[in-house]
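In what follows, a structure is listed as structure tokens, so that the remarks can point back to it.
The values are calculated or read from the model by the stated rules, or taken from the named source; none is laboratory data. Note that the coordinates shown come from a computational prediction; the quantities given were computed from them, not determined experimentally. When we count neighbours, we look across all protein chains shown, and the Cβ atoms used for this are built from the backbone with ideal geometry, even at glycine.
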Amino acid sequence: MTARCLIAGNWKMNGTLAEALSFADGLTALSNDGSSGVEVALMPPYTLLHSLRSVLADKGVQLGAQNVYTECNGAYTGSISTAMLKDAGCKYVILGHSERRNTIGEGNALIRRKLDAVWAEGLVPILCIGELLEERESNHTNDVLKAQLSILTAADADKPLVVAYEPVWAIGTGKTATPEQVVETHAFVHEVLVDLGADRQVLYGGSVNGSNAQQLLHSAGVDGALVGGASLQAASFMQIIEAAK
Ligand code: 13P
């Protein structure tokens, strides 16, 4: 793990207002002066962004969103723009999550347009990449990751970006990549990013919890975690944050 570490909670399509406020109550104040070297962020559903904004800020937790549309405003029923996310207090936007790639059919071209929209608003994208089980089993992991990262160019090198490696077979399954797979794959992702112009913070995601966080977060090339299920409860999320310190 490098000095930069981000622990980000992706609530996916979970959370009522009551649950969100109770979660925030359960978070102990986190030092936001950077002395612990750990930054914490939460990506709740859009409906909770405004309600969580100040309560999370008081605890030193950054706000983020799980997705965004490409356009600034207009007749795009059901969509949310980067300007709206900024207005709601977001710093981060998750892009290309496997649940959007594989369930909703988002591809590289659309994700690239979203990257540009996020950068244009001064927000920080968290670009998710990851292989399916059959891709890993047929030794295509590196090809898949390289193709997903190919939307980046050298001209993006000075733009802020976090990458999250989330093997799809490890998401919500209770299976995590082995320590060897994590180290090997993160090394490859860092190498591709360097070739594309700039190394980046690379998070690991996929069944991270209070028990496995210590080992995962202190593996070479792992600069934080993108946490799904275990970020829904303050106690388990705090365990992961503690493990990162
Ligand atoms: P889980 O931690 O529930 O496996 O989800 C990981 C994830 O998809 C975070 O974006």
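Which members of segment 1-37 meet the condition of being over 13 Å from Val55 (Cα atoms), among the hydrophobic types (A, V, I, L, M, F, W, C), touching a helix residue (DSSP H, G or I) at 6+ places or on another chain (Cβ under 9 Å) and at pLDDT below 95?
The one that is over 13 Å from Val55 (Cα atoms), among the hydrophobic types (A, V, I, L, M, F, W, C), touching a helix residue (DSSP H, G or I) at 6+ places or on another chain (Cβ under 9 Å) and at pLDDT below 95: Met1.
List the number of the failed condition for Gly205; all other conditions in (1) surrounded by 20 or more Cβ atoms within 10 Å (Cβ to Cβ); (2) more than 15 Å from Glu166 (Cα to Cα) hold.
(2)
Can you tell me how many residues in segment 125-143 are of a type in the set (A, V, I, L, M, F, W, C) and either touching a residue at least 60 places away in the same chain (Cβ under 8 Å) or crowded, with 20+ Cβ neighbours inside 10 Å (or both)?
The number of residues fulfilling the criteria is 4.
(1) in contact with a helix residue (DSSP H, G or I) (Cβ under 7 Å, 6 or more places away or on another chain); (2) part of a helix (DSSP H, G or I): which one isn't true of Val163, the others all being true?
(2)
Using the structure shown, decide if Val163 is under 23 Å from Leu6 (Cβ atoms) and β-branched (Val, Ile, Thr).
The answer is yes for Val163.
Closer than 24 Å to Thr47 by Cβ and small (Gly, Ala, Ser), is that true of Gly89?
yes
Among the listed residues Val144, Val124, Val192, identify the single one that is of a type in the set (A, V, I, L, M, F, W, C), under 18 Å from the mean Cα position of the chain (by Cα) and within 29 Å of Thr70 (Cα to Cα).
One residue alone meets the criteria, Val124.
Residue by residue, here is whether (1) over 30 Å from Ala83 (Cβ atoms); (2) within 16 Å of the ligand (Cβ to nearest atom); (3) in contact with a Pro (Cβ under 6 Å, 6 or more places away or on another chain) holds:
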{"residue": "Glu134", "(1), (2), (3)": "yes, no, no"}
{"residue": "Ser138", "(1), (2), (3)": "yes, no, no"}
{"residue": "Ala147", "(1), (2), (3)": "yes, no, no"}
{"residue": "Ala164", "(1), (2), (3)": "no, yes, no"}
{"residue": "Val168", "(1), (2), (3)": "yes, yes, no"}
{"residue": "Lys175", "(1), (2), (3)": "yes, yes, no"}
{"residue": "Val183", "(1), (2), (3)": "yes, no, no"}
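Can you find a residue that is closer than 20 Å to Ile94 by Cβ, assigned to a loop (DSSP other than H, G, I, E, B), in contact (Cβ under 8 Å) with a residue 60 or more places away in the chain and touching a helix residue (DSSP H, G or I) at 6+ places or on another chain (Cβ under 7 Å) anywhere in segment 180-202?
no
If you go through segment 208-234, how many residues are near the ligand (Cβ under 9 Å from one of its atoms) and either without any contact (Cβ under 8 Å) to a residue 12 or more places away in the chain or not in a strand (DSSP E or B) (or both)?
So the count comes out to 7.
Just to check your reading of the model, which residue among Asp199, Asp156, Asp195 is away from the ligand (no atom under 16 Å from the Cβ) and within 20 Å of His97 (Cβ to Cβ)? It would help to see each step written out before you state the result.
Numbers: Asp199 fails: within 20 Å of His97 (Cβ to Cβ); Asp195 fails: within 20 Å of His97 (Cβ to Cβ).
Matching residue, one of Asp199, Asp156, Asp195: Asp156.
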